[in-house]
Amino acid sequence: MNKPIVFALLAAAMTACGPQVPQLGRASVDEVVEAMTLEEKAHLVVGTGMAGFSGENAVVGETRKLVPGAAGTTYPIERLGIPSVVLADGPAGLRINPTRESDSQTYYCTHFPIGTLLASTWDQQLVEKVGEAIGNEVLEYGTDVLLAPALNIHRNPLCGRNFEYYSEDPVVSGKIAAAYVRGVQNNGVGTSVKHFALNNQETNRMANDAHVSQRALREIYLKGFEIVVRESDPWTVMSSYNYLNGIYTSENPELQTAMLRDEWGFRGMVMTDWFGGKDAVAQMVAGNDMLQPGTDKQYEMIVSGVKEGRLDEAVLDRNVKRILEMILRTPRFQGYRFSNKPDLEAHAAVTRQSATEGMVLLKNENEALPLSAGTKRIALLGCTSYDFIAGGTGSGNVNRAYTVSLLDGLKQAGYELDGELKTAYEQHIAAENERNRPDTTNRFAMFLPRPRPTEMMIPAARLQALAKANDVALITLGRTSGEFLDRKKADFELTREEKALLNDVCRAFHAAGKKVVVVLNIGGVIETASWKNRPDAILCAWQAGQEGGNSVADVLSGKASPSGKLTMTFPVHFADAASSANFPIDMAANMDISNSGEKKNSLKNVDYTDYEEDIYVGYRYFDTFGKEVSYPFGYGLSYTTFEYAAPRVETTEDAYLVSVQITNTGKRAGKEAVQLYVAAPDRATANKPEKELKAFAKTRELQPGETETLVLKLPKANLASFDTASSAWVVTPGSYDLLLGASSRDIRAKAAVDAAGSSVPVGDLLKPQGNLRLLERSGR
Ligand code: BGC
């Protein structure tokens, strides 16, 4: 019999014949809390632990209970009718074990595109649709809360988890996350918006102290969370591992209560990241309601905390109540009969199509793409073409049934590929993988990115023959990354072998009058400036999920038109990013997740990181300080072209409605993502960025000659900057330029509005403890 039913029957039997014990769902939550013992409350707030793991040897969330491979479960209390509910990762799809002991059925989930690709669609409706498909798998596999979306800011290109995150810009991050949450939660399951906040580096993530100004917190690092909380009502929030201005985020009442709840109106429950924080009592007080996956030590700290008067039981009750309210909403509590059979075929179609919309066409000289109708034979080069990367590693991975390689995608699209080349690559990759065998003595090994095979060198004569026999060359460059590790600087650069491959292939194919297309199968930014002039076209395909090869083939063949745009800047050099001065570059990782030591303050960028670039993250820095970039924020080509008409601005009581007509002026159908930036008056003296994104929208697919009017809403309050001295959101009166751009460096239409001044005071929260030497623009 189905577990929830047994549970309900048991509960009913107990109420019928036993003493009158309040039952969750029948009695009020207050009555249930009233009936709980201290021990039951302490159990409920700490979860059930991870079978076989303790804080000393855990890797990423994994439980064997209820749904094997899910990250965690809540503690059941049968006598009160409180079931255990299931929490599972993650951003690119549900992460559970694909097989179970003594069970011939499989439990594969769909690997959807990584977060960065989803954001690169700039399409909130599409992301909501993807969220709906992900949420359906959450529901049908019997899980209750998805541990996603992840929306930390891409502060630096090397953060190992950028692939799970959305953007260097908080508006993109917040709006895309809100769409994702709406989609998932439409299924009646929950989400956990993570990692709140400032988990911008993996190096020493459990003990790194992020030193950040209040302004950068408000304008950059917390803004996305504020948007998602205000706009999509997530069931839960997950606090991050790190310290923020001296205090663990999970132990900080200013963050978890004063800001999140009192100021932004969050109504749900907060849980820790797995084994995050140290002081269970402080976490309870802060309003971090649940500690996952839960340890005996935490349970004991809470029980003794109450008994010894260090933890007010009313605080515990408050947290317990929030957990119970969350449980009440879950499918498991409501006895939903999940099928264990989501429609994986339908979801494969969703991931295949959505992925094409987030791929970014970086270069397309002489219309090299889409491949011409006469193109039949493709010389497929680069190891990654044969070993396509669906997504990143760690908790953001998805146990999928298959990954379509570029080779298979192209074959299925009807192209002919060289069999000998395929064999040579397969043998080379097998040998490389043997050489790079994971270190089985490292218990993290299976969660870490595997080194990519070194590129195979192809002799000039062979390349000449390939150029003769094929219509075009396609080279894929790949990168993987994941939880626990930041990328190394070398991972940002191309390797010597990759550069040689690019050069040799371009030389041979161009000499034969054939084109070369480069596909980037990456999860984070790489160096492009030094080589981008060589190939004819470059498609940044990101990591596009399990249908990746098919999605790329759809774009290359012209079946789909790429309409993605970058949600982060591609700098010329790694060191150009302002945050690179304060980022753990090539530092040894500390994967000790038991985090037992004392807080340290000696090793810069490891023990602590000074966010000295302040608000100048990504394009806010590059555009304000006039730095050359390789590809700017918001950039992406299409197979067609668009014209922007002069905008019209309608002023309502609380917003500006900016309408702009977008016309497809090219020869093919396509979609355009339009960005609305604002340039404030007196920017230099007021130390404000040159421009800031405030809204964005995307057209539907426009046929050649077709026009659509987009209306972008800019609430007047969003003109404000954070003024630290008065702890207020302040709109300086004056004329604000509204810039409609195809990228941050390609402004196509302008308008201006005269804004009245205003000041909205907010709590003076999360102050840095020491002095930070913050970057300011000159002219002050
Ligand atoms: C990650 C979270 C994840 C959790 C549960 C942690 O290691 O940081 O993002 O949700 O594990 O698997």
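The values are calculated or read from the model by the stated rules, or taken from the named source; none is laboratory data. Here the structure is a predicted model, which is why all the values come from computation and not from measurement. Positions of Cβ are generated from backbone atoms using ideal geometry, with glycine treated the same way; all protein chains shown enter the neighbour counts. Ligands, DNA and RNA are stripped out before the accessible areas are found, and what is left, the full protein with its side chains, is counted by its heavy atoms. Shrake-Rupley method; radii C 1.70, N 1.55, O 1.52, S 1.80 Å.
A few comments on the model shown:
- Filtering the stretch 640-666 to residues that are part of a loop (DSSP other than H, G, I, E, B), open to solvent by 40 Å² or more (accessible area, probe 1.4 Å) and out of contact with any helix residue (DSSP H, G or I) (no Cβ under 7 Å at 6 or more places or on another chain) leaves THR641, ALA646, THR652, GLU653, THR665.
- Any pair with Cβ under 9 angstrom, 6 or more apart, that starts in the stretch 25-49 at a residue that is closer than 15 Å to PRO293 by Cα and ends at one that is of a type in the set (Lys, Arg): THR48/LYS65
- Filter result for LYS627 (under 30 Å from GLY741 (Cβ atoms), in a loop (DSSP other than H, G, I, E, B) and basic (Lys, Arg)): yes
- Residue among ASN136, ASN152 that is touching a residue at least 40 places away in the same chain (Cβ under 8 Å) and farther than 16 Å from VAL171 by Cα: ASN136
- Residue within the stretch 560-569 that is under 29 Å from ASP123 (Cα atoms), at pLDDT below 95 and open to solvent by 10 Å² or more (accessible area, probe 1.4 Å) present: yes
- Hey, VAL285 more than 16 Å from the ligand (Cβ to nearest atom), on the phi < 0 side of the Ramachandran plot, β-branched (Val, Ile, Thr) and in contact (Cβ under 8 Å) with a residue 12 or more places away in the chain or not: yes
- For TRP235, the requirement of being within 15 Å of the ligand (Cβ to nearest atom) and surrounded by fewer than 24 Cβ atoms within 10 Å (Cβ to Cβ) is met.
- Taken over the stretch 722-775, the residue count meeting the criterion of being in contact with a helix residue (DSSP H, G or I) (Cβ under 7 Å, 6 or more places away or on another chain) and of a type in the set (Ser, Thr, Tyr) is 4.
- Single residue of the stretch 376-388 satisfying the filter (open to solvent by less than 10 Å² (accessible area, probe 1.4 Å) and not in a strand (DSSP E or B)) that is nearest to ALA70 (Cα to Cα): THR384
- Selected residue [among the charged types (D, E, K, R), under 24 Å from the mean Cα position of the chain (by Cα) and within 29 Å of THR375 (Cα to Cα)] from LYS559, LYS565, LYS515, LYS532: LYS565
- Restricting the stretch 592-626 to residues that are open to solvent by less than 40 Å² (accessible area, probe 1.4 Å) and hydrophobic (A, V, I, L, M, F, W, C), the residue that is nearest to ASP279 (Cα to Cα): ILE593
- Any hit, the stretch 481-490, residues being more than 16 Å from the ligand (Cβ to nearest atom) and under 22 Å from SER120 (Cα atoms): yes
Condition check ((1) of a type in the set (Lys, Arg); (2) open to solvent by 60 Å² or more (accessible area, probe 1.4 Å); (3) under 23 Å from ASN664 (Cα atoms)) across all residues:
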position: ALA695; (1), (2), (3): no, no, yes
position: VAL711; (1), (2), (3): no, yes, yes
position: ARG745; (1), (2), (3): yes, yes, yes
position: LEU765; (1), (2), (3): no, no, no
position: ASN771; (1), (2), (3): no, yes, no
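- Candidates TYR165, TYR108, filtered to the one that is aromatic (Phe, Trp, Tyr) and more than 23 Å from GLU226 (Cα to Cα): TYR108
- No other residue among ALA473, ALA460, ALA467 is open to solvent by 40 Å² or more (accessible area, probe 1.4 Å) and either at pLDDT 95 or above or under 12 Å from CYS383 (Cβ atoms) (or both) apart from ALA460.
- Of the helices (runs of 4 or more DSSP H) lying entirely inside the stretch 286-375, those containing at least 2 residues that are more than 24 Å from ALA92 (Cα to Cα) and open to solvent by 10 Å² or more (accessible area, probe 1.4 Å) span 296-307, 313-329.
- Residue in the stretch 737-756 that is within 30 Å of GLN256 (Cβ to Cβ) and of a type in the set (S, T, N, Q) present: no
- Residue within the stretch 632-645 that is over 26 Å from ASP554 (Cα atoms) and at pLDDT 95 or above present: yes
- Looking only at the stretch 201-215, residues that are away from the ligand (no atom under 13 Å from the Cβ) and outside any strand (DSSP E or B) come to 8 in all.
- Scanning the stretch 564-584 for residues that are part of a loop (DSSP other than H, G, I, E, B) and farther than 12 Å from ASN204 by Cα gives GLY564, LYS565, LEU566, THR567, MET568, THR569, VAL572, HIS573, ALA577.
- Filter result for ARG318 (among the basic types (Lys, Arg) and free of Cβ contacts under 8 Å to residues at least 60 places away in the same chain): yes
- Hits in the stretch 539-571 - residues which are touching a strand residue (DSSP E or B) at 6+ places or on another chain (Cβ under 7 Å) and of a type in the set (S, T, N, Q): GLN543, SER561, SER563, THR569
- From the list GLY705, GLY670, the lone residue that is open to solvent by less than 50 Å² (accessible area, probe 1.4 Å), more than 27 Å from TYR616 (Cβ to Cβ) and not hydrophobic (A, V, I, L, M, F, W, C) is GLY670.
- SER395 among the polar types (S, T, N, Q) and buried (at least 23 other Cβ atoms within 10 Å of the Cβ): yes
- Candidates ASN136, ASN187: the one that is part of a loop (DSSP other than H, G, I, E, B) and away from the ligand (no atom under 16 Å from the Cβ) is ASN187.
- Any pair with Cβ under 6 angstrom, 6 or more apart, that starts in the stretch 479-495 at a residue that is under 17 Å from MET587 (Cα atoms) and ends at one that is open to solvent by 50 Å² or more (accessible area, probe 1.4 Å) and assigned to a strand (DSSP E or B): none
- The single residue among ALA511, ALA575, ALA529 that is surrounded by fewer than 17 Cβ atoms within 10 Å (Cβ to Cβ) and touching a His at 6+ places or on another chain (Cβ under 8 Å) turns out to be ALA529.
- Qualifying residue in the stretch 104-115 (condition: part of a strand (DSSP E or B), in contact (Cβ under 8 Å) with a residue 24 or more places away in the chain, buried (at least 24 other Cβ atoms within 10 Å of the Cβ) and small (Gly, Ala, Ser)): no
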